[in-house]
Amino acid sequence: MNVENVSTDDWILGGVGLLLVIDLLFLPWFSISIGPLTVTSAATGAPDGWLGVLAVLAALAVIADLAIERLSPQTHLPAIANSRTQTRFVLACVAAVFVVLKFLFHIHFSLFGLGFWAAVVLTAAFVYLATRARDATVTAAPGTP
């Protein structure tokens, strides 16, 4: 295991992905207050928790793919269009699609909690960073990692 192969951009992408996973699992997406009682639900909870679970799995797949490529370069995994960065980009987009679907199925701006608003920012950053990594690989000279 060689951590020197992990670039700053890789750490940032992995960190944003991990923050997104933590957000989806633990922060309150929905917050309903009735008098002194407040009930919250994370993205993986009802309603339609399966969308949150699939978004978590896609984000974890990006993190795992990045870790395997950087820490064990001799390990070969299937890739979309023969590109690991393209695979991570597609997985980040899949996570974003599930977050967007969770939003579209339950549009109630007055009910959205901190976790939802944080997920919006983190998902946008996650897709942006994956796009930037993919574009950097495409524009790199042939034969460079």
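Contact annotation: residue pairs with Cβ atoms under 7 Å, 6 or more positions apart or on different chains, pairing a residue in the stretch 1-30 that is open to solvent by 30 Å² or more (accessible area, probe 1.4 Å) with a partner that is among the β-branched types (Val, Ile, Thr) and in a helix (DSSP H, G or I), are Leu18/Ile63; Leu25/Val56.
Picking from residues in the stretch 77-116 that are open to solvent by 50 Å² or more (accessible area, probe 1.4 Å), touching a helix residue (DSSP H, G or I) at 6+ places or on another chain (Cβ under 7 Å) and outside any helix (DSSP H, G or I), the one that is modelled with the highest pLDDT is Ile80.
Put simply, of Thr44, Thr8, Thr40 the only residue that is touching a Pro at 6+ places or on another chain (Cβ under 6 Å) and of a type in the set (S, T, N, Q) is Thr40. Scanning the stretch 123-145 for residues that are surrounded by 13 or more Cβ atoms within 10 Å (Cβ to Cβ) and at pLDDT 85 or above yields a count of 12. Within the stretch 81-96, residues that are within 15 Å of Tyr128 (Cβ to Cβ) reach partners that are crowded, with 19+ Cβ neighbours inside 10 Å and among the polar types (S, T, N, Q) with beta carbons closer than 8 Å, at six or more positions or on different chains, in the pairs Ala95/Thr123; Ala96/Thr123. Gln74 passes every criterion in (1) of a type outside the set (Val, Ile, Thr); (2) open to solvent by 40 Å² or more (accessible area, probe 1.4 Å); (3) in a helix (DSSP H, G or I) apart from (3). Has the stretch 39-50 got at least one residue that is touching a strand residue (DSSP E or B) at 6+ places or on another chain (Cβ under 6 Å), open to solvent by 40 Å² or more (accessible area, probe 1.4 Å) and either in a strand (DSSP E or B) or of a type in the set (Lys, Arg) (or both)? Yes, the stretch 39-50 contains at least one residue that is touching a strand residue (DSSP E or B) at 6+ places or on another chain (Cβ under 6 Å), open to solvent by 40 Å² or more (accessible area, probe 1.4 Å) and either in a strand (DSSP E or B) or of a type in the set (Lys, Arg) (or both). In the stretch 98-121, the residues that are under 18 Å from Leu20 (Cα atoms) reach residues that are of a type in the set (Val, Ile, Thr) and open to solvent by less than 90 Å² (accessible area, probe 1.4 Å) with C-beta atoms within less than 7 angstrom, at least six apart or across chains, in these pairs: Val99/Thr123; Gly113/Thr40; Ala119/Val99.
Yes or no: Val120 part of a helix (DSSP H, G or I), within 30 Å of Ser7 (Cα to Cα), open to solvent by less than 50 Å² (accessible area, probe 1.4 Å) and of a type in the set (Val, Ile, Thr)? Answer is no for this residue. Checked against the criterion of being modelled with pLDDT of 90 or more and over 30 Å from Ala136 (Cα atoms), the candidates Leu20, Leu27, Leu13 yield just one match: Leu27. Can you confirm whether Val56 is within 14 Å of the chain's Cα centre (by Cα), at pLDDT 95 or above and crowded, with 18+ Cβ neighbours inside 10 Å? Against the criterion (within 14 Å of the chain's Cα centre (by Cα), at pLDDT 95 or above and crowded, with 18+ Cβ neighbours inside 10 Å), Val56 qualifies.
The values are calculated or read from the model by the stated rules, or taken from the named source; none is laboratory data. Quick caveat: nothing in here was measured; it's all calculated off a predicted structure. Using ideal geometry, Cβ is built from the backbone for each residue, glycine included, and neighbour counts are taken over all protein chains shown. We work out accessible area using only protein heavy atoms, side chains counted, and drop any ligands, DNA or RNA first. Shrake-Rupley method; radii C 1.70, N 1.55, O 1.52, S 1.80 Å.
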